[in-house]
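The values are calculated or read from the model by the stated rules, or taken from the named source; none is laboratory data. Just so it is clear, the model here is predicted, and its values are computed rather than measured. Reconstructed Cβ throughout: ideal geometry from the backbone, glycine too, with neighbour counts over all protein chains shown.
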């Protein structure tokens, strides 16, 4: 690993490159990769690896399954190969019953993580006209109507996490909420979608770095929370990645004339600048704890890096971000392929360096310290890394 002095010099050089003028990137019309586009080999190779390794992607209705199924669904959109859509539908139909009930899902848990898989329901509804998918999506929407909130209207992350807003929760709920709102004609609900994003922008941003803390306790009562601010201690890479992906995906659905659209774009641009500043100048990747590259046990982490690549590339393509951010994304993707992608024992690609899980509170208690984040297990091929990697590969057509 480079010394601190060498790293500082490299960072200065990277900053100079970043600031150089760039030719405008080509920007496709529409929110998603066009159906006629040919996806990169990496997206199909990883989607095929998931399908080959897991007949059942997950036994439960779960955000990780939802993330990788959404990515595979997008590969199917881009290739028009029917095997991808068939895999997604087969996995969803294991859990979603004809009456719209969802096995393993409990609305009264008020867990935002359970909303994310609803995104694949909406596409399945379009393609099959099977009413079970609308009924199931309606159940998830009803959870959001009753979701406990902070005094300012922010969703609690879960019922068991009172008064807490986590960056993770923005991706778990907001893109589904926005798409449901557009599809089924609830225009007033766009105000609520925007409120969730902007409350996080108000409370979780660090003014010194422009980065975001993992979570905020509105009651300032949790052991992990600063008693003065309610904030957790660290800038965890994947949490910030969830928030960036949430914003670029919500902007697909939010009306062009919505009163809060410009504010969300401004938050995205500010965060993109902050994320680019902490990109590793050697590999192009991002660290598990974003702002402490030289500290012991910190490591280059695949899920956050994939999320940033996807969000920055998509933001640049759609004009939310300056075109130079595509170069940042390209460097990040190069780093993923050269540093963290390996060939598995089955001859298929594997993505290494994925933080398996991280959270706050609970039993045993997770204190949100630096030592906590760098001590959680590191895995290969966890969906929280593979899903964003596929989305990033599609976005860059790599």
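In the set (1) assigned to a loop (DSSP other than H, G, I, E, B); (2) surrounded by fewer than 18 Cβ atoms within 10 Å (Cβ to Cβ); (3) touching a residue at least 60 places away in the same chain (Cβ under 8 Å), the condition left unmet by residue 191 is number (1). Each residue in the stretch 312-363 was checked for being under 30 Å from residue 226 (Cβ atoms) and surrounded by fewer than 18 Cβ atoms within 10 Å (Cβ to Cβ), and 4 pass. For the stretch 94-109, the criterion of being assigned to a helix (DSSP H, G or I), surrounded by 14 or more Cβ atoms within 10 Å (Cβ to Cβ), modelled with pLDDT of 95 or more and out of contact with any strand residue (DSSP E or B) (no Cβ under 6 Å at 6 or more places or on another chain) is satisfied by at least one residue.
Scanning the stretch 273-284 for residues that are part of a loop (DSSP other than H, G, I, E, B) and touching a helix residue (DSSP H, G or I) at 6+ places or on another chain (Cβ under 8 Å) yields 279, 280, 281, 282, 283, 284. In the stretch 285-311, how many residues are surrounded by fewer than 24 Cβ atoms within 10 Å (Cβ to Cβ) and part of a loop (DSSP other than H, G, I, E, B)? The qualifying residues number 9. Of all residues in the stretch 117-171, exactly one satisfies the criterion of being touching a helix residue (DSSP H, G or I) at 6+ places or on another chain (Cβ under 8 Å), farther than 30 Å from residue 204 by Cα and part of a loop (DSSP other than H, G, I, E, B), namely 130.
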